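First comes the structure, then the notes that go with it.
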Amino acid sequence: MFDVIALDADDTLWDNEYLYSEAKKKFVFLLSECQPPEECARRLDQIELENVHHYGYGIKSFILSMIQAALELSEGQVAAENIAAILGFAREMLSAEVRVIDGVGETLASLSQSHPLMLITKGDPSEQLRKIEDSGLGVFFRWVEVVADKSPAVYRAILERYNIPPRRFLMVGNSLRSDILPVLEIG
């Protein structure tokens, strides 16, 4: 049996990836006047991956990566209106309605009757806390942890903070790399 069930948030409790996909399509279209669309997408992906170590996860990091990619793809000649459009993508993403995945509310209501629930999500704290609030799902969680990364050390620190033995802890999420493997590594 488990003492605590923890859940990821983005793309586990609510849809999130679609926001990034839609913004990326708009970016590629916007910059396709400078470079072929495939190159725009490839370079944005590459820059975003490199920048995670500097800016972390979330919309603000993604938009900074878009601006950097726009500057590189245009060889420093990106138009001010294109930068303004990219900033507009950020506002759209940040103000998007939180789309809770069907059945999640009922599932959390049921689980919370038998187990204390913890939410462990990575990203920008202000973005994540807004989504938790807007989703209406925060009422089901005893604890909420917004972390910069999901590594074995981060999970270990969380479990130690709440005095939860690793073997009595269940993590549920959509990412094998972030939600499952690090927890398995700590026991």
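None of the figures in this text is laboratory data; all of them are computed from the coordinates on show. This one's a predicted model, so the numbers in the text were calculated from it and none came from an experiment. Note that we place each Cβ from the backbone using ideal geometry, even for glycine, and neighbour counts take in every protein chain shown.
Computed from label points 7 Å out along Cα-Cβ, the spacing between Val52 and Glu39 is 2.6 nm. Relative to the longest principal axis of the Cα atoms of the chain, the long axis of helix 104-114 makes an angle of roughly 30 degrees. For the chain, relative contact order (Cα pairs under 8 Å, six or more residues apart, normalised by length) works out to 33 percent. Here Tyr155, Tyr57 are placed in order of increasing Cβ neighbour count within 10 Å, fewest first, which gives Tyr57, Tyr155. Percent of Cα pairs in segment 48-143 per distance bin of 10 Å, from zero to the largest separation: 14, 34, 27, 16, 7, 1.
The ranking of Phe27, Phe2, Phe89 from fewest to most other beta carbons within 10 Å of each one's beta carbon is Phe2, Phe89, Phe27. On a 0 to 90 degree scale, rounded to 10, what angle separates helix 80-95 from the longest Cα axis of the chain? Roughly 20 degrees, rounded to the nearest 10.
Of all DSSP-defined beta bridges confined to the chain, some 15% are antiparallel rather than parallel.
Only helices enter this figure: runs of n ≥ 4 DSSP H residues, each worth -39500 (n - 2.57), summed and divided by the residues of the chain, yield -17500 deg cm²/dmol at 222 nm to the nearest 500. Beyond 18 Å in Cα-Cα separation lie the following of the pairs Lys26/Lys60; Lys25/Lys122; Lys26/Lys150; Lys26/Lys122; Lys24/Lys60: Lys25/Lys122; Lys26/Lys150; Lys26/Lys122.
Taking other C-beta atoms within 10 angstrom as a stand-in for reagent exposure, Ser95, Ser135 fall in the order Ser95, Ser135, fewest first. Extending 7 Å from Cα along the Cβ direction at Asp134 and again at Ala148 yields two label points whose distance is 2.5 nm.
The P(r) of segment 108-187 has a tail past 19 Å containing 37 percent of all C-alpha pairs. Over all pairs of different C-alpha atoms, segment 16-95 has a mean inverse distance whose reciprocal, the Kirkwood radius, equals 12.3 Å.
Subtracting the Cα-Cα distance of Leu170 and Ala157 from 0.36 nm times their residue separation leaves 3.2 nm of extension gain. Using the Cβ atoms and a cut-off under 14 Å, what net charge is assigned to the surroundings of Tyr55, where Lys and Arg are +1 and Asp and Glu are -1? Taking every Cβ under 14 Å from that of Tyr55, the sum is -3. Two decimals is fine: what is log10 I(q)/I(0) at q = 0.12, 0.15, 0.18 Å⁻¹ for the chain, from a Debye sum with one equal scatterer on every Cα and no solvent? The Cα Debye sum returns log10 ratios of -0.64, -0.90, -1.14.
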